Ligand SMILES: Nc1ncnc2c1ncn2[C@@H]1O[C@H](COP(=O)(O)OP(=O)(O)OP(=O)(O)O)[C@@H](O)[C@H]1O
Ligand SMILES: [Mg+2]
């Protein structure tokens, strides 16, 4: 049995998950999140390294996570994800060399400034033999170094960095069964993770990422929409947003006109989200290897906004379901649903290699 701890540095909060991984059982032993002051992280990137390291140190001490080794995730505009097609190469070294070469063609980051990783996603028969689709991830080296320095500055030791989109898929979707994996008629699933400043739109087949794009939209924009419409302060608007949501019954004592105004602001504020999701999914559908998308799984802190799933279902015309980030864990103890939702990325990062 080994213990794995993963950390998600978001623009609104720090979140972490600790897991015990056995041969055939994965238990979530701890999950916690804590709000971050604005401006330390934004758009998925470190902005105030020293203050962020201080917050992280405090968060770790307060929550008493095991050990100092942590897995990290990244999602920002300085990580690029592209899909390339290659002849099938069974030798891992040859595959890596071919990916590095092709990456140079597709990714506009000079090789000495980038860190490249990849994940084979699908084999298919091309005109001249069997080919493989590979998702290539290239990150600016300095962005990764800054993140690593913050985590080390908090006294922790980073032991792995993964793309947030891959972690989200591991937490939210079941692994394909041996019998079904690779079948031509398996539909795609869309997973939409809406955070505070960013939204990750992902399309997966057999839980493998075939498309991902980071959109500059998050719950912060919904809060701003409420504040602008009602004249409330940002803090008040945030609280009212959480209380009212788009649907459901707000607490006793709420004036119905205020509730109607807040909901109107949220519906108008969420329109760009619908538009961006539709644009991303249309792009995926225009790809020659796209599959029909079966459903859209909604996750991320903003998925806690009641009724957002219904709103997206109306706006996109797709079946929308709320994701369960604990669905792949055998034993999660008594973790509150809100904590689980805010820790979804950390859970997926910790699940890496778990099975
Ligand atoms: N009950 C709720 N109703 C509506 N929105 C909520 C609720 N709870 C949290 N949120 C929103 O979720 C967002 C935070 O989500 P999350 O923790 O996934 O973001 P993050 O990881 O900090 O940000 P990012 O990934 O964009 O850097 C905030 O905008 C917050 O207002
Ligand atoms: Mg996040």
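The values are calculated or read from the model by the stated rules, or taken from the named source; none is laboratory data. These numbers were taken from a predicted model, which means no experiment stands behind them. All Cβ positions, even for glycine, are placed from backbone atoms using ideal geometry, and neighbour counts span all protein chains on display.
Scan segment 16-69 residue by residue and report those that are surrounded by 15 or more Cβ atoms within 10 Å (Cβ to Cβ), within 16 Å of ligand 2 (Cβ to nearest atom) and assigned to a strand (DSSP E or B).
Across segment 16-69, the qualifying residues are 16, 17, 31, 32, 33, 34, 41, 42, 45, 46.
Does residue 130 fit the bill of being at pLDDT 90 or above, assigned to a strand (DSSP E or B) and not assigned by TED's automatic domain parsing to the domain that holds residue 275?
yes
Being touching a residue at least 24 places away in the same chain (Cβ under 8 Å) and either assigned to a loop (DSSP other than H, G, I, E, B) or more than 12 Å from residue 305 (Cβ to Cβ) (or both) is the filter here, so list the residues in segment 238-261 that pass it.
245, 246, 247, 248, 258, 261
With more than 16 Å from ligand 2 (Cβ to nearest atom) and at pLDDT below 95 as the only criterion, which of 252, 238, 276 stands out? Outline the logic, then answer.
Numbers: 238 fails: at pLDDT below 95; 276 fails: at pLDDT below 95.
When all the criteria are applied, what remains is 252.
Residue 210 is checked against (1) part of a strand (DSSP E or B); (2) farther than 17 Å from residue 289 by Cβ; (3) over 9 Å from the mean Cα position of the chain (by Cα) and fails just one. What number does that condition carry?
(2)
Quick check on this structure: which one of 296, 304 is at pLDDT 95 or above, more than 16 Å from ligand 2 (Cβ to nearest atom) and more than 15 Å from residue 17 (Cβ to Cβ)?
Result: 296 is the single residue among 296, 304 that is at pLDDT 95 or above, more than 16 Å from ligand 2 (Cβ to nearest atom) and more than 15 Å from residue 17 (Cβ to Cβ).
Which residue, of 66, 42, is assigned by TED's automatic domain parsing to the domain that holds residue 10 and at pLDDT below 95?
66
Here is a list: 310, 342. Which entry is closer than 24 Å to residue 259 by Cα and within 16 Å of ligand 1 (Cβ to nearest atom)?
Selected residue: 310, the only one of 310, 342 that is closer than 24 Å to residue 259 by Cα and within 16 Å of ligand 1 (Cβ to nearest atom).
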